[in-house]
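The values are calculated or read from the model by the stated rules, or taken from the named source; none is laboratory data. Small disclaimer: the values here were computed from a predicted structure and weren't measured. Methodologically, a virtual Cβ is constructed for each residue, glycine included, from the backbone with ideal geometry; neighbour enumeration extends over all protein chains shown.
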Amino acid sequence: MKLKLQPGASLPSAELLDKISFDARVSPEQTRFQAVFSRALLALLVLLILTALLGFIAHNRLLVRPLRQLSEDIDAMRQGRFEPVPDPPRSMQVSELENIRHSLFDYQIQLRELHGSMEHQNREFRSQARHDVLTDCYNRRAYEEDWTRLREEVKAVPQGVAFLLFDCDRFKSINDTYGHEKGDRVLTLIADALVMALRANDRLYRLGGDEFAAILLRTTPAQARQIAQRCQSLLDAKKFSDLGINEPISISIGIAFCEADQINHIDDLPKQADIAMYTAKQPGRNRVALFGDDVERASQTLVASRETSAVFQALATPGMIEMHYQPIHSLPSLEIKYYEALARIRHHNTLILPEAFLPVVSTRRLETGFDLAVLQQVDLDLSSKRLQAGVGVAINLTAQSISQPEIVSYLLELSRHNTRHPLMIEIAETSLITQVAEASAYLDLLRTAQYRIAMDDFGTGHSPLRYLADLPVDVIKFDISLIRKLEDSSRGAQVVADFARMMISAGYSLTAEGVETEAALRLVESLGFAHVQGFLLAHPLPLDELIAHLAATKSGDAQPD
C-alpha cells in the first residue's frame with residue numbers, strides 16, 4: 001500500500017482514499033500450501049473412486065453373482081433342468097453361499113435319480129396294467145381305453161377301420177383234456193402267431209379266455225381278410241404236437257369293416273365282428289367270415305344257436321351265470337329293503353339277458369338245473385358277506401322248480417343266510433304250476449324256514465286269483481304293465497287301483513315293479529304299496545359294481561354341503 005503525499009504536506013481525511021494505492025502480492029508460503037492441499041485432495045478423490053470401484057467389483061463377484069447363480073440354480077430345479085454349474089474361482093467364493101449351492105445341487109441330483117426311478121416304475125406299472133400277464137399282448141383294459149380313443153380319432157379324421165375278433169375253436173375241451181398249463185401254452189402260441197401276422201402298428205388284445213381282438217386302421221376289407229388268412233396260416237404252422245396235443249388247433253375269425261364315409265357307425269363293429277365270428281364257426285365255413293348281408297340274414301338263427309350253446313355251457317361251467325342285483329325300496333322312506341337277484345349269462349364277454357335265454361331254458365326243460373345254478377351263485381354271493389347286513393335278497397324261481405325236492409333241499413340249506421339277509425322267493429305268475437298242492441306244501445315248508453313268498457309279474461298270467469287262493473303267498477308284485485296302466489286316465493287305471501286296494505285289505509303286501517316316472521312313484525305310494533322297484537330308482541348291477549356304487553353313494557352323502 002502506498003500514500004502519495006509531499007513531505008510536510010497535510011491531507012484532509014476526505015481525500016485520503018484518493019491518495020492511497022494498493023499493490024497485492026502472493027506470499028510464497030501460501031502458494032506452497034495451496035499446491036500441497038490440491039494434490040492431497042485429488043489423491044483422496046482418486047482413492048475414493050478406486051475404493052468404490054473395487055467395492056462394487058467385490059460386491060458383484062462375491063455376493064451378487066453367487067446369489068444370481070443360486071437363484072438360477074433354483075429356477076433350473078423348479079423347471080426340471082439338471083445341468084451342473086461350474087464352480088467359480090476359489091478366490092471369489094463365499095463359503096456359506098457355496099455350501100448352499102452345493103447342497104442344492106446334491107439335492108438336485110438326488111431328485112433327478114428319484115424322478116428317473118419313479119418314471120421307470122410308472123412306465124412299468126402302466127405297461128403291466130395294460131398287458132396280459134400270460135400272453136404279453138394288450139389286455140381288456142387297454143382295449144377299452146384304445147377303442148374309446150380310436151373311435152373319437154377316426155370320427156374326427158374318417159378312415160377305413162376293420163375290427164377282427166379271434167376265438168379258439170374247442171378250447172374248453174382242449175383245456176379240460178390236457179390241463180390248464182398246456183391250455184395256457186396254447187393261448188401263448190396263438191397270441192404269438194397273431195402278433196406275427198398283424199402289421200407293425202396293429203395291436204392284439206386279449207379280451208378274456210381264448211378270445212382276442214385287433215383293430216386295423218387305414219385298411220380295406222380285402223386287406224383285413226388277407227391279414228386274417230395270414231393269421232390262420234401262421235397258426236397252422238405252429239407245432240402243437242410238441243406240447244403233446246394231437247388235435248388240430250384252429251381259430252375262427254370274424255371281421256367287421258366300416259368305410260370312411262360310414263364312420264358314424266363304428267360303434268357297431270364289435271357286435272358285427274362277434275356275429276361274423278360265430279358264422280365262421282359254423283360247419284362248412286372257412287373259419288374267416290366278413291360281416292355282410294349274408295351274415296346279417298343268418299344272424300337270427302345264429303344268435304338262437306349261440307344262446308342255446310350259452311345255456312348249456314352255463315350249466316356246465318361255474319361262473320358263467322352271474323347275478324345282477326336291483327334294489328327294492330320301501331315306501332315312503334325309499335330305504336333299500338331287498339335286492340332282487342336277476343340272472344344273466346356271461347358268454348364270450350357278451351351279457352345275455354333273460355328274455356334271450358329263458359325261452360331256451362323252457363323249451364329244453366332245463367328249469368330245475370338252471371334254478372339250481374342260480375341258487376348256487378346266490379349262495380356264493382351271500383357267503384362273501386359283501387352285501388350290507390339286514391337287507392334281504394329276493395330269488396326268482398320257476399314254478400316247475402318249486403316242486404323239485406333238490407331245489408327245496410338247497411333252499412333249506414340256503415336259509416342259514418336268513419339271520420343276515422332275510423330271503424324271499426319270487427315265483428313268476430306267468431308260469432303254469434301243474435302240481436299246486438305239492439308246490440303249496442313245499443312253500444309252507446320254506447315259510448317255516450323264514451322265507452317270504454312273492455307272486456312275481458302279477459297281471460301277466462292267466463290264473464292269478466287261483467294261485468293266490470291255493471298258494472301261501474305273502475307279497476304280490478304288480479307287473480310293469482299294470483303300473484303303466486295306473487298312469488292312464490282310462491277306466492283300466494281305476495280297475496287296477498281298486499284291485500290293489502282289495503289285495504291290501506286282504507292282507508297282502510304289494511310291490512310295484514317297473515316304476516320309471518315320478519308320477520308312477522307318487523301313485524303307488526298313495527295307493528298303499530309297501531315296496532317299489534324300477535329304473536327310476538336303480539338299475540340292476542353286478543355285485544362288484546353294486547358294492548362300489550353303494551360305497552360311492554355313502555361317501556357322497558358324507559360330504560359336507
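Observations on the structure shown:
- Asp544 being under 26 Å from Val393 (Cβ atoms) and touching a residue at least 24 places away in the same chain (Cβ under 8 Å): no
- Within the stretch 239-276, considering residues that are within 25 Å of the chain's Cα centre (by Cα) and charged (D, E, K, R), the one surrounded by the most Cβ atoms within 10 Å (Cβ to Cβ): Asp274
- Restricting attention to the stretch 152-171, the residues that are in contact (Cβ under 8 Å) with a residue 40 or more places away in the chain, assigned to a helix (DSSP H, G or I) and surrounded by fewer than 16 Cβ atoms within 10 Å (Cβ to Cβ) add up to 1.
- Each residue in the stretch 518-536 was checked for being modelled with pLDDT of 95 or more and not in a helix (DSSP H, G or I), and 6 pass.
- Taking the numbered list (1) farther than 16 Å from Ala341 by Cβ; (2) in contact with a strand residue (DSSP E or B) (Cβ under 9 Å, 6 or more places away or on another chain) in turn, Thr368 passes all entries but (2).
- Gly183 in the same structural domain as Ile275 (by TED's automatic domain parsing), more than 21 Å from Ile251 (Cβ to Cβ) and either surrounded by 13 or more Cβ atoms within 10 Å (Cβ to Cβ) or not hydrophobic (A, V, I, L, M, F, W, C) (or both): no
Yes/no per residue for (1) touching a strand residue (DSSP E or B) at 6+ places or on another chain (Cβ under 8 Å); (2) closer than 24 Å to Ser173 by Cα:
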position	(1), (2)
Ser233	no, yes
Lys239	no, yes
Ser250	yes, yes
Cys258	yes, no
Ile263	yes, no
Thr279	yes, yes
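- Residue within the stretch 41-52 that is modelled with pLDDT under 70, more than 30 Å from Val186 (Cα to Cα) and outside the structural domain of Thr188 (by TED's automatic domain parsing) present: no
- Qualifying residue in the stretch 522-530 (condition: surrounded by fewer than 19 Cβ atoms within 10 Å (Cβ to Cβ) and either in contact with an Asp or Glu (Cβ under 7 Å, 6 or more places away or on another chain) or of a type in the set (Asp, Glu) (or both)): yes
- The residues listed here are Arg364, Arg386; of these, the one that is over 27 Å from the mean Cα position of the chain (by Cα), among the charged types (D, E, K, R) and more than 30 Å from Ala520 (Cα to Cα) is Arg364.
- Residues satisfying the stated conditions in the stretch 208-238, i.e. over 16 Å from Val161 (Cβ atoms), surrounded by 14 or more Cβ atoms within 10 Å (Cβ to Cβ) and charged (D, E, K, R): Asp210, Glu211, Arg230, Lys238
- The set of residues from the stretch 495-517 being farther than 14 Å from Lys477 by Cβ and part of a helix (DSSP H, G or I) comprises Val495, Ala497, Asp498, Arg501, Met502, Ser505.
- Identity of the residue in the stretch 505-514, of a type in the set (A, V, I, L, M, F, W, C) and touching a helix residue (DSSP H, G or I) at 6+ places or on another chain (Cβ under 8 Å), that ends up surrounded by the fewest Cβ atoms within 10 Å (Cβ to Cβ): Leu510
- Just so you know, in the stretch 537-558 the residues that are part of a loop (DSSP other than H, G, I, E, B) and of a type in the set (A, V, I, L, M) include one that is nearest to Ala341 (Cα to Cα), and it is Ala538.
- Among the residues of the stretch 202-210, at least one is under 17 Å from Pro270 (Cβ atoms), at pLDDT 90 or above and of a type in the set (Ser, Thr, Tyr).
- In the stretch 201-214, the residues that are in the same structural domain as Ile253 (by TED's automatic domain parsing) reach residues that are crowded, with 20+ Cβ neighbours inside 10 Å and basic (Lys, Arg) with C-beta atoms within less than 6 angstrom, at least six apart or across chains, in these pairs: Phe212/Arg206.
- Within the stretch 308-340, the set of residues being closer than 19 Å to Glu516 by Cα and in contact with a helix residue (DSSP H, G or I) (Cβ under 6 Å, 6 or more places away or on another chain) comprises Tyr325, Leu331, Pro332.
- When the criteria are applied in full, Thr517 meets the requirement of being out of contact with any Leu (no Cβ under 6 Å at 6 or more places or on another chain), farther than 20 Å from Tyr325 by Cβ and surrounded by 14 or more Cβ atoms within 10 Å (Cβ to Cβ).
- Hits in the stretch 242-278 - residues which are among the β-branched types (Val, Ile, Thr) and part of a strand (DSSP E or B): Ile251, Ile253, Ile255
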